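Each value in this text was obtained by applying a stated rule to the coordinates, not by laboratory testing. Since this is a predicted model, take the numbers as computed values, not measurements. Positions of Cβ are generated from backbone atoms using ideal geometry, with glycine treated the same way; all protein chains shown enter the neighbour counts.
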């Protein structure tokens, strides 16, 4: 009888706990970076609602986010060198460290066990255990001529084979770091790849790593299937002899698009989206747009591109048909549109209007606004479905 009463009591307590904290999956969750307040909003796309706010994440003025394989944890890379592990289910900071002085992004390894952070200060890449955030590797970048500092690191992505790939802005290099044999990486360096690689992308199959160049025209491409062939130049003649416009905001190559055997990338210092043939990486077209593009984001089915712009055209978003290269919509969502993110199946497009203090949700097929959520100076929007996309 006592055993039965104890069993009934335990069952009642369990049912009570379940009633107070309903079970929730993580596949429909995401985060909105609130850059001015160092906070994240945890959002749910199905209900178009904000579930919670997590504060105390430091300087998020250029923050980026990756997710654990189970989509429960968001790893937040802050500009102040902070690396934070946020639990999406409990809405609290699981762990947080200051790993550098000025960081510019990060990546999670193919097996989900390592977190890499690229740093301006100190120049290089640091790698951490994804569970504990204990440091497991330090990869210093090439020293600068003054001997006091090292090159800034940009364009860090994960690649197949338990590798990270990144670019060195000041010294014009691309490095690969292979962690397949343990925590002591095998480093391969490619030098003289072009002046000032400022950002990079990796193709969805993980084969090609491409770094945009700010100091000269073109992009540097590394074939990760055949690294022995070295780095080659693509779009090498683009813009030669033309006067560039002042660059108000650097385009983000991780916001590039690959659709219908074409690669669409934002041009630096031009009001254009460049189109390359994805089979040979030769330029096919240049689409005139309203301003200097920042993100060129493809709808998951590949039929549309959504493009936002640097100041003074950052209140606009243009939609491009990937087959005809025609602009099919010219939208004015609000002041300072900073970022756009599709849900995994493409039924929604979320965008942040920083100076409008809101995040908007759009139907990308009907080109209709579905609703909005208030947010504090919102910038980046990241859905947990990124956990299963290489290079994100």
- Item | Those residues of segment 276-305 which are buried (at least 20 other Cβ atoms within 10 Å of the Cβ) and part of a strand (DSSP E or B), in sequence order | 276, 287, 293, 294, 295, 296, 297, 298, 304, 305
- Message: Quick check on segment 105-112. Is at least one of its residues part of a loop (DSSP other than H, G, I, E, B), over 23 Å from residue 221 (Cα atoms) and under 20 Å from the mean Cα position of the chain (by Cα)?
- Response: yes
- Residue list for segment 114-129, filter: under 18 Å from residue 63 (Cβ atoms) and either out of contact with any strand residue (DSSP E or B) (no Cβ under 6 Å at 6 or more places or on another chain) or buried (at least 17 other Cβ atoms within 10 Å of the Cβ) (or both): 115, 116, 117, 118, 119, 120, 125, 126, 128
- Message: Given (1) assigned to a loop (DSSP other than H, G, I, E, B); (2) farther than 17 Å from residue 381 by Cβ; (3) more than 16 Å from the chain's Cα centre (by Cα), identify the lone condition not met by residue 93.
- Response: (1)
- The lone condition residue 97 fails out of (1) free of Cβ contacts under 8 Å to residues at least 40 places away in the same chain; (2) under 22 Å from residue 371 (Cα atoms) is (2)
- Which pairs have Cβ atoms under 8 Å, sit 6 or more apart or on different chains, and link a residue in segment 299-322 that is free of Cβ contacts under 8 Å to residues at least 24 places away in the same chain to one that is assigned to a strand (DSSP E or B) and surrounded by fewer than 16 Cβ atoms within 10 Å (Cβ to Cβ)? 321/328
- Check off (1) out of contact with any helix residue (DSSP H, G or I) (no Cβ under 6 Å at 6 or more places or on another chain); (2) over 18 Å from residue 357 (Cβ atoms) for residue 67 and give me the number that stays unchecked. (1)
- Message: Show me the strands (runs of 3 or more DSSP E) found entirely inside segment 22-86 where at least 3 residues are closer than 23 Å to residue 199 by Cα.
- Response: 29-34, 64-67, 73-77
